[in-house]
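Only one structure is covered here, and it is reproduced in the block below.
The values are calculated or read from the model by the stated rules, or taken from the named source; none is laboratory data. Keep in mind that this is a model prediction, so the values were computed, not measured. Don't worry about glycine lacking a Cβ; one is built from the backbone with ideal geometry, like all the others, and counts go over all protein chains shown. Ligands, DNA and RNA are stripped out before the accessible areas are found, and what is left, the full protein with its side chains, is counted by its heavy atoms. Shrake-Rupley method; radii C 1.70, N 1.55, O 1.52, S 1.80 Å.
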Amino acid sequence: MVNLARIRNCIEILQEYLQQHKHCYLCRQASKDLVCEACVKDTLLTHLPVPGFDILMQPKLAEHLVTPYYHHFYALGEYAGILKILINRLKFGNNPLAAEVLAQFFMSVIYPRISQLDDLPELLVPIPLSMWRYVGREYNQARLLAQSVSKLSNIPVAECLIRSRHTSAQSQLDREARLANIDNAFAINQPIQSNHIALIDDVVTTGATVNSACRTIVKHYPDMRISIWSMAVTPSKKTS
């Protein structure tokens with residue numbers, strides 16, 4: 001005769017096991033965390049001269065950025081290696097778990113240094129996509145990153161920016177075209193109840209996109225402190 005109580009008990013034990021024993025996203029070994037401690041320690045994330053410190057204070061990295069309307073800029077590392085793989089999986093591969101992996105790396109590597117060097121922002125604001133690109137992709141990778149960082153930092157997300165017009169993909173444009181393409185591309189759709197915010201994006205190259213968003217914010221809130229939290233930065237060819 002089937003013992004239903006025993007079957008239920010076995011199912012509960014199995015469910016508990018599956019909840020507690022997962023696999024590392026990178027090495028596929030058993031791990032309670034999405035990225036195991038060994039991978040967090042061993043994965044080469046950056047070639048930045050001083051990783052975890054404000055990129056605006058590193059001239060060789062900041063020289064190719066457009067004149068910033070923001071105050072601080074932090075990134076995990078160069079857009080290369082594992083960061084490029086993860087960002088491309090997130091951005092083009094419809095793999096939302098990659099956002100959680102990137103957020104875990106950001107919180108493990110960069111966040112502790114930010115908290116030591118600077119006061120933390122009160123809100124996380126993802127860089128929005130145009131409606132046309134959102135419909136095509138069905139998600140905004142910056143929103144997924146902001147939500148993942150929020151879960152780990154307890155800093156709330158505020159989607160207070162929208163794209164006021166569609167723009168061409170920045171990756172296909174040179175520096176001058178990037179600036180013209182993204183000019184006046186953002187608008188504020190709700191009040192920002194904060195004195196210090198962090199804009200979240202996947203990759204920053206010249207900074208034209210985040211700068212345009214910051215300029216929109218500064219027009220309405222001239223005393224707002226703005227930080228950029230990016231998963232990667234594309235250095236100038238001279239720097240490379």
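Tabulated data
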| read-out | value |
| --- | --- |
| Output for region 126-169, where each listed residue is open to solvent by less than 30 Å² (accessible area, probe 1.4 Å), farther than 25 Å from Gln104 by Cα and either at pLDDT below 65 or in a helix (DSSP H, G or I) (or both) | Thr167 |
| Matching residues, region 43-53, being farther than 28 Å from Met224 by Cβ, open to solvent by 20 Å² or more (accessible area, probe 1.4 Å) and either among the hydrophobic types (A, V, I, L, M, F, W, C) or touching a strand residue (DSSP E or B) at 6+ places or on another chain (Cβ under 7 Å) (or both) | Leu44, Thr46, His47 |
| Gln29 open to solvent by 50 Å² or more (accessible area, probe 1.4 Å) and at pLDDT below 75 | no |
| Flag for Gly77 being open to solvent by 40 Å² or more (accessible area, probe 1.4 Å), under 29 Å from Arg143 (Cβ atoms) and modelled with pLDDT of 75 or more | no |
| Looking only at region 188-211, and only at residues there that are of a type in the set (Gly, Ala, Ser) and at pLDDT 90 or above, the one that is most open to solvent (accessible area, probe 1.4 Å) | Ser194 |
| The one condition in (1) touching a His at 6+ places or on another chain (Cβ under 8 Å); (2) at pLDDT below 85 that Asp54 fails to fulfil | (2) |
| Residues satisfying the stated conditions in region 98-120, i.e. open to solvent by less than 60 Å² (accessible area, probe 1.4 Å) and out of contact with any helix residue (DSSP H, G or I) (no Cβ under 9 Å at 6 or more places or on another chain) | Ile110, Pro112, Ile114, Ser115, Asp118 |
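Let's see how each residue does on (1) open to solvent by less than 40 Å² (accessible area, probe 1.4 Å); (2) within 25 Å of Cys214 (Cα to Cα):
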{"site": "Ile55", "(1), (2)": "yes, yes"}
{"site": "Thr67", "(1), (2)": "no, yes"}
{"site": "Leu90", "(1), (2)": "yes, yes"}
{"site": "Pro96", "(1), (2)": "no, no"}
